[in-house]
Amino acid sequence: MADVKNHRPQFIDYRKISEALDYYESRGYEYMEVPWVIDHKSTEITLPAGREATALQYGDLVGSAEQSFIELMRRGETILKACAVTPCFRIEDSYDDLHYPYFLKCELIDTDATDENLHQMIDDASAFFSQYTEVDIEETEPDAYDIVDRKMRIELGSYGIRNCEGKRFIYGTGVALPRLTSVLERNRDNIQVNT
C-alpha cells in the first residue's frame with residue numbers, strides 16, 4: 001500500500017463540478033445527497049477482487065457515489081435517474097497525478113437498465129467531456145465502456161450495467177477531479193503516459 005501521508009493533495013476545480021451538475025440536471029438526472037459512509041456489503045458490490053475498502057470503525061468510506069446509490073437501494077429507497085457528488089477514497093499500490101487516495105467525483109445512475117439508456121448515459125457524458133477535450137468511447141467488455149481522452153488515451157469515465165441484490169442499474173462517471181484537469185494539463189504540456 002502506498003504512503004498516503006506523503007501524498008500531496010491536488011487542486012480541485014469546483015467550477016467543473018458545478019458545471020457537471022448543471023449539465024446533468026439539464027439532461028434529466030436528479031441531484032441527490034447521498035451517504036459518504038456505507039455498510040461493507042454495499043462496498044463489496046463494486047470492490048475489485050484483491051482490493052481493500054477504506055474502512056472506519058462504523059462503516060466504509062465510499063469509493064464513489066455508485067456505492068452510495070447502492071447503499072440507498074439496499075435500504076429500500078427509490079432511485080430513478082440521478083447524479084450525486086462525493087469524495088472518493090481509494091487504497092492504491094501507488095499514487096500519482098491520475099491516482100489519488102481521495103478525490104471528488106460526480107457519479108450518474110439510471111435504474112431503468114436498458115441498453116438504450118446505457119448508451120444515452122454514455123452519449124450524455126461524452127458530450128460533457130467534449131466541452132473540454134476530444135474523446136473516444138471504448139468497449140472494455142460486454143455492456144461496459146470507457147470514455148477516454150483521444151490524445152492521451154486516459155480514461156475519463158466508466159459506464160456499464162451492474163446488479164445489486166437482483167436489481168439492475170446503469171452506472172457512470174459524470175466527472176472525476178482532479179483526473180479531468182490532470183488530463184487537460186497533460187494535453188497542454190504534451191506529456192505522454194501509459195495508464
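Values in this text are rule-based calculations from the coordinates and carry no lab data. What you see is a predicted model, and the numbers here were worked out from it, not measured in a lab. A quick note on method: Cβ atoms are made from the backbone with ideal geometry, for glycine too, and the neighbour counts reach across all protein chains shown.
I want the local charge near THR86. Using Cβ-Cβ distances under 14 Å, sum +1 for each Lys or Arg and -1 for each Asp or Glu among the other residues.
So the environment of THR86 carries a net charge of -3.
Based on the Cβ-Cβ distance of THR114 and LEU47, what FRET efficiency does E = 1/(1 + (r/R0)^6) give at R0 = 25 Å, to the nearest 0.05?
0.45
How large is the dipole of the chain about the Cα centre if only Lys and Arg carry +1 and Asp and Glu carry -1, each at its Cβ, rounded to the nearest 20 debye?
480 debye
Can you find, among VAL85, LEU156, ASN117, the residue farthest towards the positive end of the dipole of the chain? Put +1 on the C-beta of Lys and Arg, -1 on that of Asp and Glu.
VAL85
Among 172-181, 53-62, how do they line up from the highest to the lowest mean number of other beta-carbon atoms within 10 Å?
172-181, 53-62
Hey, what number do you get for the chain at 222 nm if only DSSP H runs of n ≥ 4 count, each worth -39500 (n - 2.57), divided across all residues, to the nearest 500?
Helix-only estimate at 222 nm: -8500 deg cm²/dmol.
What is the list of residues in the stretch 79-120 whose amide nitrogen lies under 14 Å from a point 7 angstrom out from the Cα of ILE12, following Cα to Cβ?
84-90, 100-107
Just one of (1) 9, 36, 40, 15, 1; (2) 8, 29, 29, 18, 12, 4, 0; (3) 10, 36, 35, 17, 3 is P(r) over Cα pairs in 10 Å bins from 0, in percent calculated from these coordinates, so which is it?
Correct label is (1).
For ARG150 and ASP39 in one chain, what is 0.36 nm times their gap in residues minus the Cα-Cα distance, to one decimal in nm?
36.2 nm
With only Lys, Arg, Asp and Glu charged, each at its Cβ (+1 for the first two, -1 for the last two), find how big the charge dipole of the stretch 39-153 is about the Cα centre; round to the nearest 20 debye.
460 debye
With each label point set 7 Å from Cα along the Cα-Cβ vector, what nm distance links GLU185 and ASP22?
Between GLU185 and ASP22, the label points sit 2.4 nm apart.
Counting Lys and Arg as +1 and Asp and Glu as -1, what is the net charge of the other residues whose Cβ lies under 12 Å from the Cβ of ASP124?
So the environment of ASP124 carries a net charge of -1.
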